[in-house]
Structures are given as structure tokens and as C-alpha cells.
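Colleague: Dropping the structure in here first, questions after.
The values are calculated or read from the model by the stated rules, or taken from the named source; none is laboratory data. All figures in this text were calculated on a predicted structure; none of them were measured in a lab. Cβ sites come from the backbone with ideal geometry, for glycine too, and all protein chains shown count toward neighbours. Only protein heavy atoms, including side chains, enter the accessible area calculation; ligands, DNA and RNA are left aside. Shrake-Rupley method; radii C 1.70, N 1.55, O 1.52, S 1.80 Å.
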Amino acid sequence: MFKPAQLESFLAVAQTLSFTQAADELGVRQSTISQHVRQLEAIVGKQLFLRDTHTVELTPEGEAMVGFARTIVDTGREAVSFFAGPQLRGRLRFGASEDFVATYLTDVLRDFRRRHPAVELELTVGLSGELHRKLEARQLDLVFGKRQLGAVHGQLVWRDRLVWVGAEGTKVDPTAPVPLILYPEPSVSRAQALETLQWHGRQFRVACTSTSLSGLRAAVLAGLGVTAHTRSLIPHDLVELGPQHGLPALGEIEFVLSPPPRLRTEPARALGAAIVADANRLRRAR
């Protein structure tokens, strides 16, 4: 009943919330994406997206369809892989931001190793900026990390809000410099937090710097200050700080796979496809 191309187009739009970006991701025309979505809506008899000239949103039926579509697509891929002949082999040097390693990404990597046992997977965990530097130096084959809005490198996986995070009961003195707990340079979230405070003329001081998420979390729980964190990946024992705390909004941040698919090795292309396929679960991993 469902054609793979229809499901692939639907999932691409669901992940990017953009027909234009979905077309770019799949290398087809936007009219093709729209046609596939219309065909799928005709088959299920439900509207899957609410869209106007500016925004695209999933309907409740569309949200449900994401799970069904991913299952069908993944099952099809597994069948193709099973009957394809020789196993995928080679070395894959994969770099991931620590934010992701602490969430559902561990399950994605375990599934990848199960499906491709002949691939020698090497994992490097670090700051997104440093990982991209290693990619440019050809020390890594694939990087899953963050980029600021406006940057063009990598394949967009999803977009999320960057928010201020603190311990339960955190209070921010509006008359004093904001105490910050940050990753060192070249951290994407650090850069965005500092640029935002500077833009709003807000004074700050760096109360703690740590290269690890566990270090940042410990400092926040100890009450040393606040930090900037991706909203969907906030540790369970920290809380988002709302407008009542008087801190300026940090805006959005993007999560990308680098390099783009056409420049990846076969093992990197396979892992990249697995991460994109599970993007919604990664985004809702809290």
C-alpha cells in the first residue's frame, strides 16, 4: 500500500518541517515531495501536515504516521541489507557531541553495531567545534554535532531551542553579572550564550568551565551559576529557566551530520542514515 519514496519524503518533511529542506535532503524537486505527501494523505485518508506559506507542522495523525513510516522504512532497509550479499566492512571514526552520547544515541550505536558487526567503529566524544576541526583534518569520518543558525556546513537533522538551565530553585540577581557555567572554546552553546548576553548589554562572569557535561551538571547543581543547554536534551535533574529569571532568549540551534552524504564513506553513510531515521526519538529522548 505504501511506497518507499512516499514514506521517505514524508519522514524528511517531518524531520525538517520544511518541504524545501526535505527536497534538498533527498535530492529531488519540491514538487515531488509535495506529490508524495499528497499521495500518502490520500492513502490514509487523513491530513498529515498543517501548512501555510511560512510554517509546516505535523497533525496528530502525522505524529502517529511518523512511527509507522519509520518502522516500515527501517524494516525495508533491513531486508535489503540482509539480501544484499557481502557485509558492510571498514573503519568508521565517528565523533559525537557529549549531549547526544548521554541520550538515545547509545541505542542507535548499539543497533548499528548489531546490523554491521564487520565495521570497526571508533567513537570520539567532544565539543562540536573541536570535532569539526578533527573532521577537516581527516581524523574523523563522520561528526554528529551542533552548529549555530546561519552556518551552512553539514546535513541538517533537526533544529531546537537553546535555553538557560539551572538547579531547582535557581534565582538570578538582575543587578549582578550573570554567573555562567560553560564548555570551553570552541563550544557552539558557549558562543551563542556569550553573544546573546553581549547583544543585550548584560554583564556576566564565567563561574565554571568544564569539558564534560557531567562537570557542567555538577557545577549547576552546586549552585555556581546557570548554563545554556539544548531544550530537548536537558538532564533530568536540571530545569529550564523561564522569562521570570530575566535572562534573554538564546534562540535556536541546529544539529547536523558532517560531511554531507555524498562525501561520506559507505560505513559513515550507513550510520548517518540510521541517525536521521531515528531523529525524532533522539529529539524526544528525555
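Colleague: Which ones in segment 123-163 are of a type in the set (A, V, I, L, M, F, W, C) and closer than 18 Å to Glu252 by Cβ? Explain how you work it out, then say what you get.
Modeller: Step one: list which residues in segment 123-163 are of a type in the set (A, V, I, L, M, F, W, C), which gives 123, 125, 127, 131, 135, 137, 140, 142-144, 149, 151-152, 156-158, 162-163.
Selection gives Phe144, Leu149, Ala151, Val152, Leu156, Val157, Trp158, Leu162, Val163.
Colleague: Given the conditions (1) open to solvent by 30 Å² or more (accessible area, probe 1.4 Å); (2) free of Cβ contacts under 8 Å to residues at least 60 places away in the same chain, report the number of the one that Ala219 does not fulfil.
Modeller: (1)
Colleague: Go through segment 221-236 residue by residue and tally those that are modelled with pLDDT of 90 or more and more than 28 Å from Gly150 (Cβ to Cβ).
Modeller: Qualifying residue count for the region: 4.
Colleague: Please enumerate the residues belonging to segment 97-137 that are β-branched (Val, Ile, Thr) and part of a loop (DSSP other than H, G, I, E, B). Walk me through how you get there before you give the answer.
Modeller: Our first condition is that a residue be β-branched (Val, Ile, Thr); within segment 97-137, this holds for 101, 103, 106, 108, 119, 124-125.
The answer is Thr103, and nothing else.
Colleague: Which condition from (1) part of a helix (DSSP H, G or I); (2) within 18 Å of Gly145 (Cβ to Cβ); (3) open to solvent by less than 20 Å² (accessible area, probe 1.4 Å) is the one that Leu250 breaks?
Modeller: Unmet condition: (1).
Colleague: Would you tally the residues in segment 238-252 being in contact (Cβ under 8 Å) with a residue 60 or more places away in the chain and not β-branched (Val, Ile, Thr)? Steps first, please.
Modeller: Kept after step one, since they are in contact (Cβ under 8 Å) with a residue 60 or more places away in the chain, are these residues of segment 238-252: 238-241, 245-247, 250-252.
Those left that are additionally not β-branched (Val, Ile, Thr): 238, 240-241, 245-247, 250-252.
Selection size over segment 238-252: 9.
Colleague: Output the residues belonging to segment 73-86 that are among the polar types (S, T, N, Q) and at pLDDT below 75. It would help to see each step written out before you state the result.
Modeller: First, the residues of segment 73-86 that are among the polar types (S, T, N, Q): 75, 81.
Across segment 73-86, the qualifying residue is only Ser81.
Colleague: Quick test for you: out of Gly225, Gly272, pick the one residue that is surrounded by 19 or more Cβ atoms within 10 Å (Cβ to Cβ), more than 20 Å from the chain's Cα centre (by Cα) and touching a residue at least 24 places away in the same chain (Cβ under 8 Å). Show your work before the answer.
Modeller: Working: Gly272 fails: more than 20 Å from the chain's Cα centre (by Cα).
Unique residue meeting the criteria: Gly225.
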